[in-house]
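The values are calculated or read from the model by the stated rules, or taken from the named source; none is laboratory data. Bear in mind that the values here come from a model prediction, so they are computed numbers and not experimental data. Cβ atoms come from the backbone with ideal geometry, glycine included; neighbour counts cover every protein chain shown.
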Protein chains: 2
Amino acid sequence: MAVKVVEVNESVYAANDHLAEEIRGQLKAQKTFLCNVMASPGAGKSSVLLRTISLLRERYAIGVMEADIDATVDAEKMARAGVQTIQIHTGGECAMNASMTKQGLDRFPTKDLDLVFLENIGNLVCPAEEDTGASMNLEILSVPEGDDKPLKYPLMFEVVQAVLINKIDTKDYFDFDDEKVTERIHALNPEAKIFFVSAKTGEGFDAWVKWLSEQADAWNR
Amino acid sequence: MAVKVVEVNESVYAANDHLAEEIRGQLKAQKTFLCNVMASPGAGKSSVLLRTISLLRERYAIGVMEADIDATVDAEKMARAGVQTIQIHTGGECAMNASMTKQGLDRFPTKDLDLVFLENIGNLVCPAEEDTGASMNLEILSVPEGDDKPLKYPLMFEVVQAVLINKIDTKDYFDFDDEKVTERIHALNPEAKIFFVSAKTGEGFDAWVKWLSEQADAWNR
């Protein structure tokens, strides 16, 4: 008997990829740089964004799309800091996809924004599998999580343009090997930029913010 | 500034409850207690398991099922510690489901084991949505992740019988409020047992291991 094979994922992902390309085209045309921020729960996505925004808000009109299963704590943090924020509830879905990004962008005055951060669901698996239509993908890995994460969640480190290693102020209390993590990331993704930072103390932010501005300026040219 | 909320709901959950119940019946009949261990990446699942096993291995025949996307680092750690281990590769899936658990159990001499730990994929979303057929669900939350995680990933804290708050040895370096996290967990799940532990120093393990033994003994009676 012939084996029937249904490639569900392929078609779903193909449709998503098509919409993602459309979104990127639209963003490029309107000169909005969309940075998709991915990380484990508690890696410090919100704290990194708040500090990054505080360093760039004089220069760019900035907005944040907060994706959560069903919460608003991060969006409220952003709003309290005076950042234009929209909350997206994924209704149990473990990651943003292009369709959700589009629904978010449609309800947000992105035409007037130069730089938008999409704070994705805290998860190292699903978000790596879905193209959101962003201009760039960023992964934040925190020191307490350990330097072995590229071995366990390789796709995440393959789909990003940059990795921030956050919470470096806690390095005395955790076994975390900078060289090993760099090697492991570059084995998966030789082009990935790696920045060692602390959202708490601000260490390392100058280099990260300079690089990010260059990417945004190149996109919005 | 007001927060705009977009409800994007397109979640479809696989209904595998029936198979999960079958697995539980089989485990109960053969007197094997299966503990499903869930957590964020880097919360310390493997370290907690290694210490728990070292305290219980004289008393129980113990095995570990390691679920990973496509890695074997944790399984190798367990095997080096002399623990019976089977590696399950989920092939990109972000959580174990009942069918995967069954495939694991079928290839593992669980009949001769009293206590089996299933180390689920590091993720606070998907594993909470899938019944694996385990006798109990455990969530490990680590101090560096923050005390707000029950607000952001409520389902995870609703489906567990116990929460271990791990890495309490690092509490001087993070803002983590024991009372707040306890309140937030109990608001979602008033019956949940909460233990504050450090897999590094061993603090808090006596109470956790005593409670776990009672659960296993009651199941295997």
| Restricting attention to segment A:53-75, and to residues there that are touching a Leu at 6+ places or on another chain (Cβ under 7 Å) and of a type outside the set (A, V, I, L, M, F, W, C), which single residue is nearest to residue A:134 (Cα to Cα)? | A:63
| field | One residue from A:90, A:101 being at pLDDT below 95 and farther than 30 Å from residue A:196 by Cβ | value | A:90
| query | Which ones in segment A:86-124 are within 9 Å of chain B (Cβ to nearest Cβ), farther than 25 Å from residue B:128 by Cβ and in a loop (DSSP other than H, G, I, E, B)? | reply | A:107, A:108
| query | Of everything in segment A:135-157 that's among the hydrophobic types (A, V, I, L, M, F, W, C) and out of contact with any Phe, Trp or Tyr (no Cβ under 7 Å at 6 or more places or on another chain), which residue is farthest from residue B:93 (Cα to Cα)? | reply | A:136
| field | Flag for residue B:149 being over 19 Å from residue B:46 (Cα atoms), at pLDDT 95 or above and buried (at least 22 other Cβ atoms within 10 Å of the Cβ) | value | yes
| field | Residues being hydroxyl-bearing (Ser, Thr, Tyr) and within 18 Å of the chain's Cα centre (by Cα) - total across segment A:170-221 | value | 2
| task | Name every residue in segment B:63-85 that is away from chain A (no Cβ under 13 Å), in contact with a strand residue (DSSP E or B) (Cβ under 7 Å, 6 or more places away or on another chain) and of a type outside the set (Gly, Ala, Ser), in order of residue number. | result | B:64, B:65, B:78, B:83, B:84, B:85
| said: Could you check segment A:183-215 and list, in sequence order, the residues that are closer than 26 Å to residue B:143 by Cβ and assigned to a helix (DSSP H, G or I)? | reply: A:184, A:185, A:205, A:208
| message | Exactly one of these conditions fails for residue A:74: (1) under 17 Å from residue B:148 (Cα atoms); (2) of a type outside the set (Gly, Ala, Ser); (3) in contact with a Gly (Cβ under 6 Å, 6 or more places away or on another chain). Give me its number. | response | (3)
| request: Return the total of residues in segment B:67-85 being in a helix (DSSP H, G or I) and surrounded by fewer than 17 Cβ atoms within 10 Å (Cβ to Cβ). | output: 4
| Residue among A:67, A:95, A:14, A:75 that is among the small types (Gly, Ala, Ser), at pLDDT below 95, more than 17 Å from the chain's Cα centre (by Cα) and closer than 30 Å to residue A:152 by Cβ | A:14
| remark: Conditions (1) of a type outside the set (A, V, I, L, M, F, W, C); (2) surrounded by fewer than 24 Cβ atoms within 10 Å (Cβ to Cβ); (3) within 9 Å of another protein chain (Cβ to nearest Cβ); (4) closer than 26 Å to residue A:210 by Cα -> residue A:60 fails only (3)
| Out of curiosity, is residue A:157 at the interface with chain B (Cβ under 9 Å from one of its Cβ atoms), touching a Pro at 6+ places or on another chain (Cβ under 6 Å) and not aliphatic (A, V, I, L, M)? | no
| message | Give me the residue from segment A:129-144 that is crowded, with 24+ Cβ neighbours inside 10 Å and in a helix (DSSP H, G or I) and, out of that set, nearest to the other protein chains (Cβ to nearest Cβ). | response | A:144
